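> Let me begin by handing over the structure; questions about it come next.
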Amino acid sequence: MNQLEKDKKPILLSGIQPSGHLALGNYVGAMRNWVNLQQDYLGIFIVVDMHAITVRQNPAELRKQCLSFAAQYLAAGIDPEKNIIFIQSHVHQHAELAWILSCFTYMGELNRMTQFKDKSQRYDDNINAGLYTYPALMAADILLYQTDLVPVGADQKQHLELARDIATRFNNTYSPTFKVPEPFIPKAGARIMSLQDPEKKMSKSDTNENNYISLLDPPDVLKRKIKRAVTDSAHEISPDSLNNSAIRNLINIYSALNDISAAEVANQFAGQQYSSFKGELTDSVVNLLEPFQHRYNEIIGEKGYLSDILDEGARRAHSMASRTMSKVYRKIGFVAPGHP
Ligand code: TRP
């Protein structure tokens, strides 16, 4: 495929903050879909380091995680020939457009963002302005590339809606400049919940590492975490298991990894002890993650390869972004350099 054909595909864009550990929930809920969509979309996948610093990060750790996350995108099967993968801070237009868009975002809108309210409770010693204006940066990430579709989980829906409002506001104030992006809701698939607290989403930044399965957990750790996952007081799988949130979560994970419905899993394992079902589940997870980790180790061990991909991604992103930025600057009335 040549460059022109590639550019004609609709654009799908997503970002993940390089903090915590990419977890099985990220794979099943996001990365796996990106891989399946890469035939039909030009995927733009950003490691959003600028978002990550709204919460204090350890610098050495942040640097390591940025590269590790990019390598995990590739290990999951995202083809760098078909997609654009880069690190947010490598493309200066993100910061530039974020500033402009923050002048088109009302404080009243930002005050309503539930993630800001949650995070300012969780990190109450560091309620910084970046944490507050973060949705304008996220809108910039999306609008810079004339994005068609943004896959969003429940927790990011409000931010995407705001990005749409900001785009529409700007377009109405001047003239059509930004494409107004649509949310992409992946076809039904259960949310993967925490292994210790099945009422909570499996979060990559959970402080208790028994709550999540990291994509980089070695087999013995996977086995231990699954073994310790909470269950109910029954001892064996039955169709009724689907009514218990803890067992249902384990069944859902098995179902997602083996592409069979949760009801079928419950039937197939009916009468089996939880411990033996957990053994089967561990095998499924290891089957997925062993080859994933093998590819990851190859990629991360070959630094030149990864940095070439990230440089090329940033170069292509930069060129798309600069087209949008020159329109934006012209419309708002900035003088073009060299043309006084
Ligand atoms: N805010 C998102 C999160 O915390 C990450 C993100 C940043 C993002 N920019 C984005 C997601 C653009 C989708 C599109 O998960």
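The values are calculated or read from the model by the stated rules, or taken from the named source; none is laboratory data. Quick caveat: nothing in here was measured; it's all calculated off a predicted structure. All Cβ positions, glycine included, derive from the backbone under ideal geometry; neighbour counts span all protein chains shown.
> Of the conditions (1) in a helix (DSSP H, G or I); (2) at pLDDT below 95, TYR254 satisfies every one except a single condition; which number is it?
Looking at each condition in turn, TYR254 falls short on (2).
> Are any of the residues in the range 128-147 more than 14 Å from the ligand (Cβ to nearest atom) and either small (Gly, Ala, Ser) or more than 23 Å from LYS327 (Cα to Cα) (or both)?
There is at least one residue in the range 128-147 that is more than 14 Å from the ligand (Cβ to nearest atom) and either small (Gly, Ala, Ser) or more than 23 Å from LYS327 (Cα to Cα) (or both).
> For the structure I just gave you, tell me whether SER214 is among the polar types (S, T, N, Q), within 18 Å of the chain's Cα centre (by Cα) and not assigned by TED's automatic domain parsing to the domain that holds VAL150.
yes
> I'd like the full set of residues that are surrounded by fewer than 19 Cβ atoms within 10 Å (Cβ to Cβ) and among the hydroxyl-bearing types (Ser, Thr, Tyr), limited to the range 292-340.
Result: TYR305, SER307, SER319, SER322, SER326, TYR329.
> What are the residues in the range 114-139 that are surrounded by fewer than 18 Cβ atoms within 10 Å (Cβ to Cβ) and either touching a Leu at 6+ places or on another chain (Cβ under 8 Å) or in contact (Cβ under 8 Å) with a residue 24 or more places away in the chain (or both), if any?
If the condition is that a residue be surrounded by fewer than 18 Cβ atoms within 10 Å (Cβ to Cβ) and either touching a Leu at 6+ places or on another chain (Cβ under 8 Å) or in contact (Cβ under 8 Å) with a residue 24 or more places away in the chain (or both), then THR114, GLN115, SER120, TYR123, ASN126, ASN128, GLY130 are the ones that fit.
> Only one residue in PRO176, PRO186, PRO151 is out of contact with any Asp or Glu (no Cβ under 7 Å at 6 or more places or on another chain), closer than 26 Å to ALA256 by Cβ and either of a type in the set (Phe, Trp, Tyr) or away from the ligand (no atom under 12 Å from the Cβ) (or both). Which one?
PRO186
> Now, a different point. Could you give me the residue pairs with C-beta distances under 7 Å whose first residue belongs to the range 229-240 and is free of Cβ contacts under 8 Å to residues at least 60 places away in the same chain, whose second residue is among the polar types (S, T, N, Q) wherever it lies, and which are 6+ apart or on separate chains?
Pairs found: VAL230/GLN196; ASP232/ASN244; HIS235/GLN273; GLU236/GLN272; GLU236/GLN273; ILE237/GLN272; PRO239/ASN267.
> OK, next. Cβ-Cβ distance below 8 Å, separation of 6 or more or different chains: which pairs start in the range 326-337 with a residue that is small (Gly, Ala, Ser) and end on one that is assigned to a loop (DSSP other than H, G, I, E, B) and exposed (fewer than 13 other Cβ atoms within 10 Å of the Cβ)?
Qualifying pairs under 8 Å: SER326/ALA336.
> For the structure I just gave you, tell me whether ARG169 is more than 12 Å from the ligand (Cβ to nearest atom), assigned to a helix (DSSP H, G or I) and touching a residue at least 12 places away in the same chain (Cβ under 8 Å).
Yes.
> Scan the range 24-50 for residues that are hydrophobic (A, V, I, L, M, F, W, C), modelled with pLDDT of 95 or more and within 15 Å of the ligand (Cβ to nearest atom) and jot them down.
Those that are hydrophobic (A, V, I, L, M, F, W, C), modelled with pLDDT of 95 or more and within 15 Å of the ligand (Cβ to nearest atom): LEU42, ILE44, PHE45, ILE46, VAL47, VAL48, MET50.
> Go through (1) touching a residue at least 12 places away in the same chain (Cβ under 8 Å); (2) assigned to a loop (DSSP other than H, G, I, E, B); (3) farther than 25 Å from MET31 by Cα and name the single condition ASP217 misses.
Here ASP217 meets the rest and fails (3).
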